[in-house]
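Reviewing the structure listed below.
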Amino acid sequence: MSHLTTKFIIFLLGVLWTFSTNAEEEKEQWPIEWYEPFKTASEIGLTEFQQSPYLVDQDLPPIEERLPVDPIVVYPLKETGKYGGTAHIVNNDLWQFFNWEAALTISADMSSFFPNLAEWYELSEDGRSLTIKLREGIRWSDGEPLKSDDFIFTFMHLWHNKEYQSETYRLIRGVRAIKIDELTFRYDFPRPRPLFVNFVAQYGDFMIDPSHYMKQFHPDFTTKEELEARVKEYDMFNWTQLVNDIRREGSEQSVHVPTLRAYKLVEASPSRRKYVRNPYYYKVDPEGRQLPYIDAFSSEVVQEHEIMAAMASAGQLDFAAFQMRTQDIPLLKLGERNDIIKVHIWKRLHSSDVAIQPNYNHEDERLQELYFDLRFRRALSHAINRDEINDIVYFGEGTPRQVTVHPTSRFFKPHYATPFLEYDPEKSRALLDEIGLVDVDGDGYREHKDGSPLTITLEFYDFETPKGITMELVLEYWREVGISLNLKNVNGDLQRERAIAGKMEMTLWHADRVTDILFPLFPDWWVARSISWDRGMWNDWSRWYMKRGQKTPSVGFQPNPIWHLKGERIKGLGTEPPPAMRQLQDWTDQMWETMDEAERLRIGQQILEGGVENLWVIGTVGLAPHPVVVSKRLKGVPLEGIWGWDNRWTLANHPHTWYIDEGQ
C-alpha cells in the first residue's frame, strides 16, 4: 500500500472518529482524596466493616480479623460500587486490574508520594537513611502477617545475591536494609539518597516478597539437598530460575504464592488465568466495605494485536488498554455505536512515542564518527515531517516534539521540546553535504566520506506505541535526503540481546521515565548510566560508569559537532566516555545526592539543556492519545487519564474500586 493510500485511509478513519465522538461530556473531576495521603477508618469514624458475599462460607476468620487494625479508606471515582461479577480481559491487561502494593504510592497528579503499606516513612536529615513503619495487621493472602522481614528478604537476599542478580546498580550499591522491629525497617545508604523515596514508590512492589513462603527456595534458608529437590520438582535449571518463575507468576505452581494485591492467582495455564479476590486485602471504601468490588476476573492469553482489538471492539472484554494502539481508535469508536463499549481517550505520558537512538558505541568506527557529528543528528531530525506523522498516525491529536520531560514536570521548559524540530529537507541536505556525505555512484543515496556504502539498519521491537507505522514514514523522509535506511522488526528477546550487547546500529523505544517520579532517578535519555534493553545508545559508556566510573573532577561542558572517539576500552568494564558525557554522569550523581531541592532542579535542567544542545535522541510525536476500552457494564474507570510506566498506568485510579453493574 502506498504512502498516499495509507494516509487517505487513516484520514477517513480519523474523520469517522471525530464524528463519532459525543458532543462532549463535562470535564470529569477526580476525587480530592486521590491527591492526598490515604485516610484511615478511624479518621473518618468507621467502626463496622463488611465483606463480599463471595467470601461467605469459605471458612475464613471474621472480616475484622482479616483487616488491619486501622484500614486504609479508598474513595471511588464517583459512587461506591457493587460487589460481584467476573471481569474478562486479555493477558497484558492483568496489571491494570491489580493495585501494585508497595510501601509507598504515587499521587494522581504525579507530584507526591504517600504511605501505602507503610503507616509512615522518614528520610533522615542527612539523606543517608530511609525509615519505614508498616501498618499494623496487614496480611498476605494466606493470612500470614506482613513484616519487615519481607522487605529485608528481597533486598538483602535477592537483590544483593550475586547468583540471583549479577549486576548491582549504582543506586543500590552499598545500600543495606536493616530490621528495627517486626514492623519497622530502614534502608541505609553509603551516600545521601533522597530520591530513594521515588524508587520505593514506583518500583516498590519489586522490593517485597512473602519471605515465609519464599525462603524454601533460597540457599540461605534451606539445605542444598532440599533446594535441589525443589528445583527438580519444579523442572527448573537452578534456584535462581525457580525464584524468578515464582515471583513472576510464570508457572502453574504460582497459584501457591501469597500476595498483597487485591486479587490472587488461582488457576494458570498457557491459554488462560483466573484471579479471585484476596480475602485479606487491606483497603476499604468510605462505607467500610472491603475492597475490591469485583469478585474475580478471567484473563485469556492472546498474542495477536488484531484479535485483541476485535475482541475489545465487540465487547468481549470488560477492559482493554495495554496493547490498544492510537490507530485503533476510529474502529473502536465505531464499536461504540453498538452501545456495548465506551472508548475513553487518555494521554500517554511518553515524551515521544518513537525515540530514535543512534548507537554511539557501535563497533563500526565510521558510524561512530557519523553519529557523533551533531550536524548529522540535526540533518536526520530536520528531515522528519512530524506534522504529517501527527496527521497520519495520530489524527492530529499528538504533539510533535523532541525527547524531554513531561510538561507537568517542574524541570520542564518549553524550549526543551523544540530544538531542530522543524521539517526542512533542504537544511538536511545542506548539513549532509557539509559533512561530506555525497552520492558517489548516482543511485540516490549518499556514501560515507571515504566513498564506501552508507546504509543504516534500525532494529526495533514494535510494541505499545505506533513504532512500525511511524518508522515507515521516517524511512521515506530519510531516503528523500539521501540516507539509506533499512528497518528490521525484531521480537522482544532479540531486542534485549542485541541492545545490551551493543550490536544494533540504531534502535528506538518510547520515551517514558520523563516525569518527576522517574526523571531525577533515571535520566537515561540524556546520560549514559545504565545498561538497558530498551536503550541501545551507549551501553559501553554506561558499563564504564557502573563498573569503574567513580567520582571524578568536573570538566567543562562543551558540546562539539565531533568528539574524540577513542576512549579507553577496558575488557568487561566498558569504554571511558568523552568529557561531556562524564560531566553528565557527574551531574546525575550530584542530582541523586543533594538535599537541596533548588539545587536538584538546577542540576536536572543542566542535564536537559545538554539534551537541547546535543540532540542525543531524535524525537517524533508525543503526548499522544491512548484508547482505554471499557465495557458498558464496567463502572468507575475515568474518562481521561495519563497512561504510562512512570505512574504505573492505572495505579492512581484505584482499579480495585471499579465494579460491574449487570443492570446497565
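The values are calculated or read from the model by the stated rules, or taken from the named source; none is laboratory data. What you are looking at is a predicted structure, and each value in this text was computed from that prediction instead of being measured. Neighbour counts are summed over all protein chains in view; Cβ atoms, including those assigned to glycine, are modelled from backbone coordinates with ideal geometry. Only protein heavy atoms, including side chains, enter the accessible area calculation; ligands, DNA and RNA are left aside. Shrake-Rupley method; radii C 1.70, N 1.55, O 1.52, S 1.80 Å.
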Any residue at all in segment 296-307 that is open to solvent by less than 20 Å² (accessible area, probe 1.4 Å), under 24 Å from Ser211 (Cα atoms) and of a type outside the set (Gly, Ala, Ser)? no
Determine whether Lys347 is within 22 Å of the chain's Cα centre (by Cα), open to solvent by 10 Å² or more (accessible area, probe 1.4 Å), touching a residue at least 12 places away in the same chain (Cβ under 8 Å) and within 30 Å of Ile72 (Cβ to Cβ). yes
Report the residue count in segment 490-513 for those that are open to solvent by less than 60 Å² (accessible area, probe 1.4 Å), closer than 16 Å to Asp462 by Cα and among the charged types (D, E, K, R). 1
If I ask for residues that are at pLDDT below 90 and open to solvent by less than 10 Å² (accessible area, probe 1.4 Å), which ones from segment 247-285 would you list? Ser254
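Here's the yes/no breakdown for (1) farther than 26 Å from Thr457 by Cα; (2) part of a loop (DSSP other than H, G, I, E, B); (3) open to solvent by less than 10 Å² (accessible area, probe 1.4 Å):
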| site | (1), (2), (3) |
| --- | --- |
| Asp353 | no, yes, yes |
| Ser381 | no, no, yes |
| Ile389 | no, no, yes |
| Val405 | yes, yes, yes |
| Tyr423 | no, yes, no |
| Leu431 | no, no, no |
Checking the condition of a type in the set (Asp, Glu), assigned to a helix (DSSP H, G or I), open to solvent by 10 Å² or more (accessible area, probe 1.4 Å) and modelled with pLDDT under 95, which residue from Asp205, Asp235 passes? Asp205
From Glu397, Glu369, grab the single residue that is closer than 28 Å to Ser631 by Cβ, assigned by TED's automatic domain parsing to the domain that holds Trp478 and open to solvent by 10 Å² or more (accessible area, probe 1.4 Å). Glu397
Hey, does segment 325-341 have a residue that's among the polar types (S, T, N, Q), open to solvent by 20 Å² or more (accessible area, probe 1.4 Å), under 30 Å from Trp95 (Cβ atoms) and without any contact (Cβ under 8 Å) to a residue 60 or more places away in the chain? yes
Enumeration of residues in segment 166-188 that are of a type in the set (Phe, Trp, Tyr) and under 18 Å from Phe522 (Cα atoms): Tyr169
Candidates Pro190, Pro194, Pro219 - the one that is more than 14 Å from Ile152 (Cβ to Cβ), part of a loop (DSSP other than H, G, I, E, B) and open to solvent by less than 20 Å² (accessible area, probe 1.4 Å): Pro194
Given the condition modelled with pLDDT under 95, surrounded by fewer than 24 Cβ atoms within 10 Å (Cβ to Cβ) and hydroxyl-bearing (Ser, Thr, Tyr), answer yes or no: does some residue in segment 533-545 qualify? no
For segment 126-178, enumerate the residues that are open to solvent by less than 50 Å² (accessible area, probe 1.4 Å), without any contact (Cβ under 8 Å) to a residue 40 or more places away in the chain and of a type in the set (A, V, I, L, M). Met156, Ile172, Val175, Ala177
Tell me whether segment 74-89 contains one or more residues that are in a strand (DSSP E or B), open to solvent by 30 Å² or more (accessible area, probe 1.4 Å) and out of contact with any helix residue (DSSP H, G or I) (no Cβ under 8 Å at 6 or more places or on another chain). yes
